[in-house]
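The values are calculated or read from the model by the stated rules, or taken from the named source; none is laboratory data. Everything quoted here is computed from the prediction, not taken from an experiment. Cβ atoms come from the backbone with ideal geometry, glycine included; neighbour counts cover every protein chain shown.
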Amino acid sequence: MSIQAAEEVLSFYTLQEPAVEFIRHNENMTFKVTDLKEGKLYLLRIHSPSTAGLLGIQHTRQGLESEMYILQELSKDQALHVQKPVANRTGGLVTEYVNDGNDVCYATLLEWIEGATLTLHEDNMEQIAYQLGEKLAAFHHFSRHTELPGLQRPVYDAERIDTAVEELKYGVESDLYSQEQYEIIVQVLGIIKRQLQVLETLPGQWGLVHADVQLGNVIITESGPCLIDFGFCGYGYYLFDLGSAGTVLPGELRQLFLQGYASAADFSWEQIRYIEGQIFMDTFISYLFFIHDSTRNNWIRESAAKLCDTLCKDFIAGKEVFYSF
């Protein structure tokens, strides 16, 4: 999809003189948009994944409307700075259009957050790690205390583990990992499923999670780190976010990150093993996004070999692995 296609989508909005710059194509096709007349910046997302494995409820009209609603409500929270949705000419936050292939597609436009993507080379990384924990705690506080009825979003629960076990069999068939490695993965997922059953009995553990905290989704601004790209945001256990965010940071900063989270949310250091389980769950679910794409799945082979030969076995044996990912 070209710059021209993005410009055609922007005709549905009231921007007066938009200049478009392509960013990337992954779960969505994204463009930086500058309104040259107003001097304002925006992010245009055309919701067409680069590979079929990334397609999900988050790309449906209902899923996108739910994401826009979440962002609207989050933008009212003074503790968080998120990309606020921009309405099209008819007042809608999700734009439907027909592309060159005569397919119905969806697009959304968000306000731009000025800053730099997290690189881990920032001079104040200790401060950033602590603040990132605080930001996640603020997001989870929002989830616990805000009524958001009828959302259509992904769900990261025990049932997702059951489907993953079946879908991951393809990795053996396509020689991405061995039968022995697959059985190790299944054993780990079995432990995680039992952990989820325990978490289900505890109050305040379940709600909206970002589900995709990675370097590219953390923007460093003058006021600290901001979370962007809520495309995979859905329902899960809050520890899921602590797992994905924790592994973004080097091991020596993870304790500071958790301290930042604990400063603003209920957290027990005894939950570390549950966080480890959520890291494995996040990793193995991510395999499914690319497992059928032979042009983009080679990284799974290396990842599975590393995990199954070391960390998975340690986790099964009950050893702490949180600082080793």
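For this structure, a couple of remarks:
- Selection count, segment 83-105, where residues are surrounded by 13 or more Cβ atoms within 10 Å (Cβ to Cβ), at pLDDT 95 or above and either touching a Lys or Arg at 6+ places or on another chain (Cβ under 6 Å) or in a loop (DSSP other than H, G, I, E, B) (or both): 7
- Test: residue in segment 157-170 that is more than 27 Å from Ala317 (Cβ to Cβ), among the aliphatic types (A, V, I, L, M) and either touching a helix residue (DSSP H, G or I) at 6+ places or on another chain (Cβ under 7 Å) or outside any helix (DSSP H, G or I) (or both): no
- For Gly190, the criteria (1) under 22 Å from the mean Cα position of the chain (by Cα); (2) surrounded by fewer than 18 Cβ atoms within 10 Å (Cβ to Cβ) hold in every case but one, which is (1).
- Residue in segment 202-216 that is part of a helix (DSSP H, G or I), under 15 Å from the mean Cα position of the chain (by Cα) and assigned by TED's automatic domain parsing to the domain that holds Trp269 present: yes
- Residue match in segment 68-88 (condition: among the aromatic types (Phe, Trp, Tyr) and under 17 Å from Leu10 (Cβ atoms)): no
- Restricting attention to segment 282-305, the residues that are within 14 Å of Asp241 (Cα to Cα) and in contact with a Gly (Cβ under 8 Å, 6 or more places away or on another chain) total 1.
Let's see how each residue does on (1) within 20 Å of Gly236 (Cα to Cα); (2) of a type outside the set (A, V, I, L, M):
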residue: Ser263; (1), (2): no, yes
residue: Asp266; (1), (2): yes, yes
residue: Ile272; (1), (2): yes, no
residue: Phe280; (1), (2): yes, yes
residue: Asp293; (1), (2): no, yes
residue: Asn298; (1), (2): no, yes
residue: Ala304; (1), (2): no, no
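- Meets criteria (loosely packed, with under 15 Cβ neighbours inside 10 Å, under 30 Å from Ala5 (Cα atoms) and at pLDDT 95 or above) for Ala116: yes
- Of the residues in segment 4-13, not one is within 25 Å of Pro149 (Cα to Cα) and either touching a residue at least 60 places away in the same chain (Cβ under 8 Å) or not aliphatic (A, V, I, L, M) (or both).
- Set Leu43, Leu54: member being of a type in the set (A, V, I, L, M) and either exposed (fewer than 14 other Cβ atoms within 10 Å of the Cβ) or closer than 27 Å to Glu17 by Cα (or both): Leu43
- Residue within segment 220-227 that is out of contact with any helix residue (DSSP H, G or I) (no Cβ under 9 Å at 6 or more places or on another chain) and at pLDDT 95 or above present: yes
- Qualifying residue in segment 152-164 (condition: more than 19 Å from the chain's Cα centre (by Cα) and surrounded by 14 or more Cβ atoms within 10 Å (Cβ to Cβ)): no
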